[in-house]
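See structure below.
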Amino acid sequence: MRFVFAAMLFCALGISGATAAPDKTECLVGAKPGGGFDLTCRLAANALTAAKLIERPMAVTYMEGGVGAVAYNHVVGTRPSDGGLVTATSSGSALLLAQKKFGHHDATAVRWVASVGADYGIVAVAANSPVKTLKELVEAFGKAPNEFPVGGGGAVGSQDWMKAAVLAKAAGVPAKSIRYVALEGGGAVQTNLQGGFIKIASGDASEMVANHKAGKIRILAVMSDKRLPGDLAEVPTAREQGYDIVWPIWRGFYVGPKVSDAEYVWWVDTFRKLVTTPEFQREREARGLYPFDEMGQAFHDTVQKDVQRFRDLAKEAGL
């Protein structure tokens with residue numbers, strides 16, 4: 001009887017382990033094709049297949065609305081226990097959650113799985129600007145903020161606006177006093193900067209590095225904890241220049257709130273393996289992302305801290 005019981009227990013454990021890995025996988029993009037969420041899902045789908053960490057190709061599906069809000073509510077309300085589904089997310093999602101733009105669900109409504117890369121905020125001026133360093137810019141901006149219109153992708157309350165607000169704080173300028181120009185993405189921001197319609201660009205490293213390298217704009221600082229590799233290696237961080245401004249734009253995934261522990265652990269472990277593979281590193285580099293790998297509880301903690309940080313910034317800025 002002891003032998004039979006042991007055999008039954010072994011089988012039960014074996015079945016449990018086997019069902020932790022889903023039969024099929026799907027990545028949900030909370031927006032139209034193209035853009036950051038799509039990039040995140042394609043990165044995972046391509047790399048997981050290339051690294052042979054999933055048996056069948058991952059499906060990528062789309063559900064636009066509210067910059068991820070519709071997808072978030074769909075996962076929580078309709079597919080909370082679907083262990084094969086991961087949804088793309090970003091620090092932009094944390095910002096919207098902080099401003100309660102995802103409805104009545106907060107940042108604890110899902111299970112945060114992993115971050116797989118990041119871009120970083122930057123501050124740039126035109127190539128012919130007399131301002132050469134972040135310190136010079138902060139000092140000049142503090143003395144005459146009206147002379148320095150700031151351009152960013154997105155409206156007031158967006159990530160680019162928030163980065164401008166942090167810069168204004170360093171200069172002793174109230175966020176509401178910023179002459180902010182809301183533009184449609186990083187391309188428009190750079191065009192307006194080169195045309196002299198704005199004096200400061202608030203944006204992301206990946207979208208502005210080409211024009212910086214070509215000498216069309218001048219990136220004064222990257223908002224990373226250490227210098228970025230490659231074409232921005234010579235650009236100092238804000239911290240190096242005396243300003244404690246760090247702004248990663250991380251990209252990652254979450255699953256539904258009722259996904260089993262075994263399925264959740266499978267996703268965390270799979271992404272932990274994935275980020276060490278050459279297949280993944282090639283895919284990440286091709287998408288202009290930098291390493292930012294946090295798994296499971298560590299990623300959960302980062303999301304919660306960012307939501308609180310964004311909430312404090314929004315409140316301070318009067319949003």
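The values are calculated or read from the model by the stated rules, or taken from the named source; none is laboratory data. These numbers were taken from a predicted model, which means no experiment stands behind them. Here the Cβ positions follow ideal geometry from the backbone for every residue, glycine too, while neighbour counts run over all protein chains shown. Remember, those area values only see protein heavy atoms, side chains included, never the ligands or the DNA or RNA. Shrake-Rupley method; radii C 1.70, N 1.55, O 1.52, S 1.80 Å.
Residues that are in contact with a helix residue (DSSP H, G or I) (Cβ under 7 Å, 6 or more places away or on another chain), polar (S, T, N, Q) and within 17 Å of residue 295 (Cα to Cα) do occur in the stretch 66-87. The residues on offer are 64, 55, and the sole one that is within 19 Å of the chain's Cα centre (by Cα), on the phi < 0 side of the Ramachandran plot and assigned by TED's automatic domain parsing to the domain that holds residue 289 is 64.
Restricting the stretch 175-225 to residues that are open to solvent by 50 Å² or more (accessible area, probe 1.4 Å), of a type in the set (A, V, I, L, M) and in contact with an Asp or Glu (Cβ under 9 Å, 6 or more places away or on another chain), the residue that is farthest from residue 133 (Cα to Cα) is 182.
Give the residues of the stretch 199-245 that are among the charged types (D, E, K, R) and outside any helix (DSSP H, G or I), sorted by residue number.
199, 204, 216, 218, 225, 226, 227, 234, 244
Within the stretch 261-281, residues that are closer than 15 Å to residue 81 by Cβ and among the hydrophobic types (A, V, I, L, M, F, W, C) sit with their Cβ atoms under 6 Å from residues that are surrounded by 15 or more Cβ atoms within 10 Å (Cβ to Cβ) and modelled with pLDDT under 95, at 6+ positions apart or across chains, in these pairs: 262/20; 266/20; 266/21.
Condition check: more than 18 Å from the chain's Cα centre (by Cα), outside any helix (DSSP H, G or I) and within 19 Å of residue 288 (Cα to Cα). Does residue 124 satisfy that?
yes
Among the residues making up the stretch 164-198, those that are hydrophobic (A, V, I, L, M, F, W, C) and either in contact with a helix residue (DSSP H, G or I) (Cβ under 6 Å, 6 or more places away or on another chain) or assigned to a strand (DSSP E or B) (or both) are 165, 168, 170, 171, 173, 175, 178, 181, 182, 183, 198.
Has the stretch 99-114 got any residue that is over 30 Å from residue 301 (Cβ atoms) and either modelled with pLDDT of 95 or more or not assigned by TED's automatic domain parsing to the domain that holds residue 46 (or both)?
In the first step, residues of the stretch 99-114 are kept if they are over 30 Å from residue 301 (Cβ atoms); the result is none.
No - not one qualifying residue is present in the stretch 99-114.
Looking at residue 47, is it more than 17 Å from residue 113 (Cβ to Cβ), touching an Asp or Glu at 6+ places or on another chain (Cβ under 7 Å) and modelled with pLDDT of 50 or more? Spelling it out, it is not the case that residue 47 is more than 17 Å from residue 113 (Cβ to Cβ), touching an Asp or Glu at 6+ places or on another chain (Cβ under 7 Å) and modelled with pLDDT of 50 or more.
Return a yes/no flag: does the stretch 251-259 have any residue that is open to solvent by less than 20 Å² (accessible area, probe 1.4 Å) and assigned to a helix (DSSP H, G or I).
No: zero hits.
Considering every residue within the stretch 249-257, establish whether at least one is among the β-branched types (Val, Ile, Thr) and over 15 Å from residue 90 (Cα atoms). Let's see the steps before the verdict.
Quick first cut of the stretch 249-257, residues among the β-branched types (Val, Ile, Thr) only: 249, 255.
Checking the rest, the ones that are also over 15 Å from residue 90 (Cα atoms) come to none.
No, because not a single residue in the stretch 249-257 is among the β-branched types (Val, Ile, Thr) and over 15 Å from residue 90 (Cα atoms).
Elements of the type strands (runs of 3 or more DSSP E) sitting completely within the stretch 26-105 and holding at least 3 residues that are among the β-branched types (Val, Ile, Thr) and crowded, with 18+ Cβ neighbours inside 10 Å: these cover 85-90.
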